[in-house]
1. For segment 45-67, indicate whether the set of residues that are modelled with pLDDT under 85, more than 24 Å from residue 2 (Cβ to Cβ) and not in a helix (DSSP H, G or I) is non-empty.
2. Which residue pairs have Cβ atoms closer than 7 Å, lie 6 or more positions apart in sequence or on different chains, and pair a first residue in segment 1-25 that is within 20 Å of residue 53 (Cβ to Cβ) and in contact (Cβ under 8 Å) with a residue 24 or more places away in the chain with a second residue that is of a type outside the set (A, V, I, L, M) and assigned to a helix (DSSP H, G or I)?
3. Only residues that are exposed (fewer than 12 other Cβ atoms within 10 Å of the Cβ), in a loop (DSSP other than H, G, I, E, B) and not small (Gly, Ala, Ser): list them for segment 11-41, please.
4. Which residues, taken from segment 45-64, are within 15 Å of residue 31 (Cβ to Cβ) and surrounded by 12 or more Cβ atoms within 10 Å (Cβ to Cβ)?
5. Could you check segment 81-119 and list, in sequence order, the residues that are among the small types (Gly, Ala, Ser) and surrounded by 10 or more Cβ atoms within 10 Å (Cβ to Cβ)?
6. Would you tally the residues in segment 6-42 being in contact with a strand residue (DSSP E or B) (Cβ under 9 Å, 6 or more places away or on another chain) and not hydroxyl-bearing (Ser, Thr, Tyr)?
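The values are calculated or read from the model by the stated rules, or taken from the named source; none is laboratory data. Since the model is a prediction, treat every value here as computed from it, not as a measurement. Please note: Cβ atoms are built from the backbone with ideal geometry, for glycine as well, and neighbour counts cover all protein chains shown.
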Amino acid sequence: MKMPHTSGTISFARRARMEFDDTGKLPSRSKIYVKYHRHKDGKPVSDEAEENLNKIQAILDNQTTNGEFPEERVTPKMFERSNLQALKENEQMKEKNKKLEDKVDTLTTENEKLKDQFDGLMGEVAELRQMLLRNNRSQNNVMDSDETQP
């Protein structure tokens, strides 16, 4: 089934070329689709076009949040259910990864605190050893002086 559009008899390729000639920049396929599948008042030309426009917008919104779906890569295959499901699963995995990264950051911070505490305790142990050594030396000196006295 053909989908209605507002490009008239001019092909999308020619429209893209015309825009390139005007702006010096080749428009993406998604921009061409959006531009020529809406009426002047902004309403989609059909229900199917509206559904596709919403899908394109969702993909473009995703692009702006994480930069993974460049606009130039928006293709009709992306609208297949399996690809949309994969996109949804990908988003869920990103959320899980973010939570795991947050946990790793928390554990790393806690680990650093524990290392600092450990280092402090090891310093105290070293001080106690020094005190014991001094105490033992002073006791040995006292015992030596007691033995030398008649």
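1. yes
2. Once the first residue is within 20 Å of residue 53 (Cβ to Cβ) and in contact (Cβ under 8 Å) with a residue 24 or more places away in the chain and sits in segment 1-25, its partners that are of a type outside the set (A, V, I, L, M) and assigned to a helix (DSSP H, G or I) give 3/48; 5/36; 6/36; 7/15; 7/36; 12/36.
3. Filtering segment 11-41 for residues exposed (fewer than 12 other Cβ atoms within 10 Å of the Cβ) gives 11, 13-14, 21-25, 39-41.
Cutting the leftovers down to in a loop (DSSP other than H, G, I, E, B) gives us 11, 24-25, 39-41.
Across segment 11-41, the qualifying residues are 25, 39, 40, 41.
4. Listed by number, the residues that qualify are 49, 52, 53, 55, 56, 57, 59, 60, 63.
5. 86
6. So the first thing to find is which residues in segment 6-42 are in contact with a strand residue (DSSP E or B) (Cβ under 9 Å, 6 or more places away or on another chain), and the list is 6, 37-38.
Applying the additional criterion that residues be not hydroxyl-bearing (Ser, Thr, Tyr) yields 37-38.
Of the residues in segment 6-42, 2 are in contact with a strand residue (DSSP E or B) (Cβ under 9 Å, 6 or more places away or on another chain) and not hydroxyl-bearing (Ser, Thr, Tyr).
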